[in-house]
1. Could you state the accessible area per residue of region A:311-391 in Å², with a 1.4 Å probe and every protein chain left in place?
2. For chains B and A, what's the summed buried accessible area, probe 1.4 Å, to the nearest 100 square angstrom?
3. For A:K245, which lysines qualify as cross-link partners when the Cα separation must be under 23 Å and same-chain residues fewer than eight apart are set aside?
4. Three principal axis extents, largest first, for the C-alpha atoms of region C:136-190, in Å?
5. Starting from a label point 7 Å past Cα on the Cβ side, list the distances from C:R221 to the same position in the other copies, nm, shortest first.
6. Let me know the volume per residue of the alpha-carbon convex hull for region A:340-416, in Å³.
7. Which angle from 0 to 90°, rounded to the nearest 10, does the C-alpha axis of helix C:253-265 make with the longest principal axis of chain C?
8. Given the rotation relating C and A, tell me which residue in C puts its Cβ closest to the axis and the distance in Å.
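The values are calculated or read from the model by the stated rules, or taken from the named source; none is laboratory data. This structure is a prediction, so every number in the text was calculated from the model and none was measured. Positions of Cβ are backbone-derived with ideal geometry, glycine not excepted, and every protein chain shown enters the neighbour counts. Protein only, heavy atoms only, side chains kept; ligands, DNA and RNA dropped before computing areas. Shrake-Rupley method; radii C 1.70, N 1.55, O 1.52, S 1.80 Å.
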Amino acid sequence: MHALVERLYPLCRSITGDGVRRTLEIVGESLPLEVHEVPTGTEVLDWTVPKEWNLRDAYVKDPSGRKVIDFTESSLHVVGYSTPVSATLTLDELRPHLHTLPEQPDLIPYRTSYYAETWGFCLRHETLAALPPGPYEVVIDSTLADGHLTYAEHVVPGESADEVLVSCHVCHPSLANDNLAGVAVAVELALRLAERRPRHTYRFVFAPGTIGAITWLAFNRDRVGRIGAGLVLACAGDRGSLTYKRSRRGNAEIDRVMEHVLRASGRPHTVVDFSPYGYDERQYCSPGFDLGVGSLTRTPYGAYPEYHTSADNPGFVSPEAMTETLETLWEAVDVLERDRRYLNLSPYGEPQLGRRGLYGSLGGRSDTKRDQMAMLWVLNLSDGDHSLLDIAERSALPFPLVADAALALQSAGLLKE
Amino acid sequence: MHALVERLYPLCRSITGDGVRRTLEIVGESLPLEVHEVPTGTEVLDWTVPKEWNLRDAYVKDPSGRKVIDFTESSLHVVGYSTPVSATLTLDELRPHLHTLPEQPDLIPYRTSYYAETWGFCLRHETLAALPPGPYEVVIDSTLADGHLTYAEHVVPGESADEVLVSCHVCHPSLANDNLAGVAVAVELALRLAERRPRHTYRFVFAPGTIGAITWLAFNRDRVGRIGAGLVLACAGDRGSLTYKRSRRGNAEIDRVMEHVLRASGRPHTVVDFSPYGYDERQYCSPGFDLGVGSLTRTPYGAYPEYHTSADNPGFVSPEAMTETLETLWEAVDVLERDRRYLNLSPYGEPQLGRRGLYGSLGGRSDTKRDQMAMLWVLNLSDGDHSLLDIAERSALPFPLVADAALALQSAGLLKE
Amino acid sequence: MHALVERLYPLCRSITGDGVRRTLEIVGESLPLEVHEVPTGTEVLDWTVPKEWNLRDAYVKDPSGRKVIDFTESSLHVVGYSTPVSATLTLDELRPHLHTLPEQPDLIPYRTSYYAETWGFCLRHETLAALPPGPYEVVIDSTLADGHLTYAEHVVPGESADEVLVSCHVCHPSLANDNLAGVAVAVELALRLAERRPRHTYRFVFAPGTIGAITWLAFNRDRVGRIGAGLVLACAGDRGSLTYKRSRRGNAEIDRVMEHVLRASGRPHTVVDFSPYGYDERQYCSPGFDLGVGSLTRTPYGAYPEYHTSADNPGFVSPEAMTETLETLWEAVDVLERDRRYLNLSPYGEPQLGRRGLYGSLGGRSDTKRDQMAMLWVLNLSDGDHSLLDIAERSALPFPLVADAALALQSAGLLKE
């Protein structure tokens, strides 16, 4: 996963343009992707697909001809969606177009201006402080013209048409945790799912933030009813602990699944309520859709000092952290796949487990007592009202133990689906 | 407000009589009042309007002719509803009629005997301790006879016939916090409301405790269905922090409004559950009526040492505390007036706020980020199920910010009522 | 109660056989019992009544003829349901049949093997450690043959056919707290109830654990609908604090009653959620029955070191603890008997209590203020939706005070049932 982050990192992504296309090509080497190109001007919900932006080169040369700002060093140096410029300007004339972080003087900030036409450069505050008065040769060789918005989907088909959505934004330029780590973890999750032949269908959406999710929703209004659960995946690789942000509903299936998995895992984590800010859960959870979609991150957006700066580089992303994020997702998938309601076929009194070899059947394992408790709980609560996840929560037993107990009981003819 | 407390303080009020009439005359100088006179013997719910009590003079003279107890010094000196007396008694004969506070020897207690005919004096325990054996000339020049019970109403008409009730008891003699401060704050609130031209109709009831509220309820049985919210206002001026006591229902509109306002205010405060004791919320919340009426006090009845003693004098009441009580009420009025449910007209995805100038429209203020969050919350939750108060509570944003955001969105055509 | 524990203690009980019969005969000296004999092979729910087991003698003699294990010393020495043995064995041959507690070397464990035919002895680990190689004369003079399962019922008839169930297991041999203390407390409770002439009918079931409860349920499937509340009573005499385990429903009447009684008592106690393990609440709360049956113990099963060892002897059981358990049960009975919904006949405003002498009627008691509060609470909440227990819980007043207030109000014509 970390290699994919490193490979994608240098590309100059934005909400449209060749950086996104190239990113999706590279992802497509691992996963077959259905790539969609939506023309500029297309109306999508309350929005309109904007012009496509591409950037060939950009720099600021000082009087000696030295590039004091050079886009090839970092894609963050240019304000996203900057209009073309070719001019000679004094520092005073240039300064309103320069963005720095005075409190983090050695970092380049990330800035965009999608919907107000302007141009600008982002640079280290310490670089700015050392600039002489000029004049400077200022070049942004960009195009902002009719074109397309690009997004992609990958589907892992399941037995059922019910869908689980995993959505990642792919519009940020050279930022590793936000959101190349999310993309890399999603790719790995999709590969694992393909081996599992799942019950649910899993749909991965790789799209620019906001306008991309809105475009996807606009093109899939009739299909969103199939989405039973979903996750927006972002900031999946920093060294902070996991954070699950609930869906707008607060008690959707994904909310219960993620909270159970995180609690049972023993991993440090935080669960926070929905708020209409953050990543594309804002769109999926808008009141007209109100999907059961939460968000999984490690440290949330804006809550780490490297956020939206050049310090969010591949070194900020830890392979171990991405693996932990992936394992957590896999545990959630396991619950989504295995959760169901059973009916105890012998509900009057306890059935005699010993006669059916069910005490012995699990006797060799060290957690026999917990296995037996799991069987007793499944029998006691399989009344048609309780799912296996309900049982795991009420019994405070891990879901897999409960699900295994249900399988053993089903094999013995004591449960039916 | 404090001047009104001082002016009303010396009057000898009781549940009937000229003290109440004079009190209402003085209140009537600020607010037009509709004064009701209900004859003795009138049946009101389970009760009967009692005889009217008036007191012209009362004293106890020692053998030297000095008044050791003198009603003109404090109206507390006479037990409320004392029958007439004119007798010469030894201290031993007098003593069963004398009430003191041995643990607060320098204070005069407040005592009444509305429904058992007797007479008595209240005095400082230290005065009692110094009394020689007598004999004493004992005079209570009172009348207890058929007459009327007096109460008054003031109505601030609103656009709607829905009513908000504010109820104050006016039966306590020279006690300042309990309840002249409540009366004074209610008067000021009514004056402010008149300037606002409110949506709801506000009804102020100034009535004797218990029998007055019962009388009002008896005469307004058909009208109480209009009361959507209400407050019993008492002990509004002491220096303790605010206390809100919930209605019997516990989650009535007034309960949610007061709890939100108090929490958002940052003022120290306490919220307590309903109990069938205290002030006239007992009557408004009796099970046959079960009105959404709570009670706002500062320190609750009985919980301050000055309660029902001569130490509850105008000096015990602080202008700042009355102002704070008034401001809290005004904030509650603001919620009652502005709370409503809107419908997001663009509920699929977020509407593009930038295009409508809604990011900029509030950009000059220092809390721009909170304004934007308020707009996002209002859009996200305006699904017909959530009121602005619901949104303020879920977002933990102050109600006025949420209501202002709703107005801005409504102006932009994104919300409708 | 302690004398009964001591008398029953030496008997060799099991899930069938003469030990249970003799136990029930002794209980029957205090209470008339209906004894049921259910033949081996009878199908009961998912189970089958097993063969009857009886034990005449059992010992292990060392080469010198000394009995190193002697059943007459303790009924725990023989594994319950041991098949007959008469053999000469070396220590190595014998050892697989010997059960000890290495961590409690001076205690004899309690072991059974109801459904797998085998034999064995239980002994102190320190005894085992001192045994020479043998050979040993090994004798278990038992019979395992068609016979009966024995259980008994005692009914205290009430005005209503609604039943309260009290269930005790009677299958453990020489173990005092588990469950002779439970049996002794149940006997005393039944005697007290007979004097009370209760509203509900109280049914006491004395049956072997698991198979006995299952048998009773099988024979009473049509009757269980009458059981409105119930308790499994066990471990009623150790010196630990009381533990109430909720029914599967969690908010059944018995749950609310027991929690109120324990909280109001001021006694140290613990309330735990239902789990499908423990005593016969497992059967009564199986999903097909789902009865409102909780469990009252002192220290729960398995949570004290004496559990299922020879240290659970009559000295482990305290008369004071049994009395406290009984008093707690009696307080619960009082709530079950007296709880009901009243209707306030004067629900508009407070009725005038003084006129009816209701302030005075209780005036002589030291807790007059609490009595008055109880009356006000009963009046305020007697709207048809709240029972006296609801009122006691909401008011945080003890149930008897609330029930007495309701009686006084009913006598005054202010309440009706």
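1. Result: 37 Å² per residue.
2. Values: alone 17410 and 17420 Å², together 33110 Å².
Between B and A, the summed buried area is about 1700 Å².
3. B:K369
4. In descending order, the Cα extents are 61, 28, 11 Å.
5. The answer, with the shortest distance listed first, is 5.6, 5.6 nm.
6. 76 Å³
7. Orientation of helix C:253-265: about 80 degrees from the principal axis.
8. C:N251, 12
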